[in-house]
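**Q** Pasting a structure here, questions to come.
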Amino acid sequence: MQIQSKLPNVGTTIFTVMSGLANQVGAINLSQGFPNFNPSEKLQRLVTEHMARGDNQYSPMPGVPLLRERIAEKIDRMYGAKVNPDTEITVTAGGTQAIFCAIAAFVRPGDEVILLEPCYDSYRPSVETVGGVAVVHTLSAPDYKVDWAAVGRLITPRTRMLCINTPQNPTGTILRESDMLAINDLLRGTDVLLMSDEVYEHLIFDREKHTSVLRYPELYARSLAIYSFGKTYHNTGWKTGYCVAPPELTREFRKVHQFNVFSANHPMQAAFADFMADPAEYLGLPDFYQQKRDFFLQAMSGTRFQPLACKGTYFQLFDYSAISDEPDLDFCKRLTTEFGVAAIPVSSFYSDGRDEKVIRFCFAKTEDLLERAGKLLEKV
């Protein structure tokens, strides 16, 4: 039987490769982006309570109503935007599923989607699976600043969508109001949609504010904004997120969502709805993760790695060019096997494999683990 792959250039993700190598040799895994600590005991207890109550069957396709109401309240509180929980919020099986549905609902074969690379590795495969064409604007170390005039030159009559991510994985950079206004100017008068990946909305540092597309009514009118409970509440394995979009876009999004997964995990949704009644559970996250960033930077201060600026996410980039001229993938593998700490090569976030001798560590870990990693990396 002849099978023609829709993703001929896609293999096992770098996250699986590096986590697998870390497990194989017993290294500290700072590669894949997940916390090594549990979510709130209260939240765990709420899940089991809802299971005991019988919330174990399919939830409504758009999501548990109370959870959507809580999300709408949070959006109003944080961004001053009023969204309708019935027509503008859809709960999904994680942020990545929401990203796929947002792309699949609107991108047709031959449509172009502009990506800002380095970027989260699911964007391009999602575009290509539905027959779209990825068009890349390349960002460079150390600041990964977007040239919006250059992005504007990439827009053609075939452009269907622009994908942004703030705070950005893997770079830890953020978009500010000037960026949002530039995007608004670029897209005004076009039919180009905006997919705004905001899963790290609460992981933002140094008293910066998250410039969500929800703050800008004209921009929101063409946007699908993606969020993740896993990033917010330290439970990436629960795979629960949501998409916020205007009613006409939400209708199309849900057409794909209902046949992709139909509904997300019911007891988790019910528990999140109860948990979100106390905004303090997410309003304290910037300080919580900024302390981890600063602790990790201090733990790394005795190494030869040079940190790049990190304004958000739970990822810290380091330049290792003063240490080695090895390709970043080879260097990461050697760090893992010889020094016992796993990282991710940033070249894996570029479609052309661009290698600027920069690697990514995840600092969503307990302080003892971060301290041990720093001591091991002092030997490099």
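The values are calculated or read from the model by the stated rules, or taken from the named source; none is laboratory data. Because the structure is predicted, anything quoted here is derived from the model rather than measured. Don't worry about glycine lacking a Cβ; one is built from the backbone with ideal geometry, like all the others, and counts go over all protein chains shown.
**Q** Residues Val130, Val135, Val146: which one is without any contact (Cβ under 8 Å) to a residue 40 or more places away in the chain, β-branched (Val, Ile, Thr) and closer than 22 Å to Thr313 by Cα?
**A** On inspection, the qualifying residue turns out to be Val146.
**Q** Continuing with the same structure: For the range 101-116, which positions are surrounded by fewer than 24 Cβ atoms within 10 Å (Cβ to Cβ), of a type outside the set (A, V, I, L, M) and not in a loop (DSSP other than H, G, I, E, B)?
**A** Residues satisfying the conditions are Phe106, Glu112.
**Q** Evaluate the following for Ile323: is it farther than 11 Å from Ser31 by Cα and β-branched (Val, Ile, Thr)? Full working, then the answer.
**A** Numbers: farther than 11 Å from Ser31 by Cα: yes; β-branched (Val, Ile, Thr): yes.
Answer is yes for this residue.
**Q** State which residue is farthest from Leu376 (Cα to Cα) when the search covers only the range 1-32 and only residues that are exposed (fewer than 10 other Cβ atoms within 10 Å of the Cβ) and of a type in the set (A, V, I, L, M).
**A** Per the criteria, the residue is Met1.
**Q** Select, from Thr250, Thr240, Thr313, Thr232, the only residue that is of a type in the set (S, T, N, Q), at pLDDT 95 or above and out of contact with any Pro (no Cβ under 9 Å at 6 or more places or on another chain). Quick ask: steps written out before the conclusion?
**A** Numbers: Thr250 fails: out of contact with any Pro (no Cβ under 9 Å at 6 or more places or on another chain); Thr313 fails: out of contact with any Pro (no Cβ under 9 Å at 6 or more places or on another chain); Thr232 fails: at pLDDT 95 or above.
One residue alone meets the criteria, Thr240.
**Q** If you don't mind, there's one more thing I want to ask. For Asn9, are the conditions met, namely being part of a loop (DSSP other than H, G, I, E, B) and not assigned by TED's automatic domain parsing to the domain that holds Ser263?
**A** Criteria met by Asn9.
**Q** Here is a follow-up. Out of all the residues in the range 77-95, is one or more assigned to a helix (DSSP H, G or I), closer than 30 Å to Ala343 by Cα and assigned by TED's automatic domain parsing to the domain that holds His266?
**A** In the first step, residues of the range 77-95 are kept if they are assigned to a helix (DSSP H, G or I); the result is 77-79, 95.
Of the ones still in play, those that are also closer than 30 Å to Ala343 by Cα are 95.
After this cut, where a residue has to be assigned by TED's automatic domain parsing to the domain that holds His266 as well, the list is 95.
Scanning the range 77-95 turns up at least one residue that is assigned to a helix (DSSP H, G or I), closer than 30 Å to Ala343 by Cα and assigned by TED's automatic domain parsing to the domain that holds His266.
Okay, residues lined up against (1) of a type in the set (S, T, N, Q); (2) in a loop (DSSP other than H, G, I, E, B); (3) surrounded by 20 or more Cβ atoms within 10 Å (Cβ to Cβ):
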residue	(1), (2), (3)
Met268	no, no, yes
Ala273	no, no, yes
Ala309	no, yes, no
Gln316	yes, no, yes
Ala322	no, yes, no
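**Q** Given the conditions (1) in contact with a Gly (Cβ under 6 Å, 6 or more places away or on another chain); (2) within 30 Å of Ala273 (Cβ to Cβ), report the number of the one that Gly80 does not fulfil.
**A** (1)
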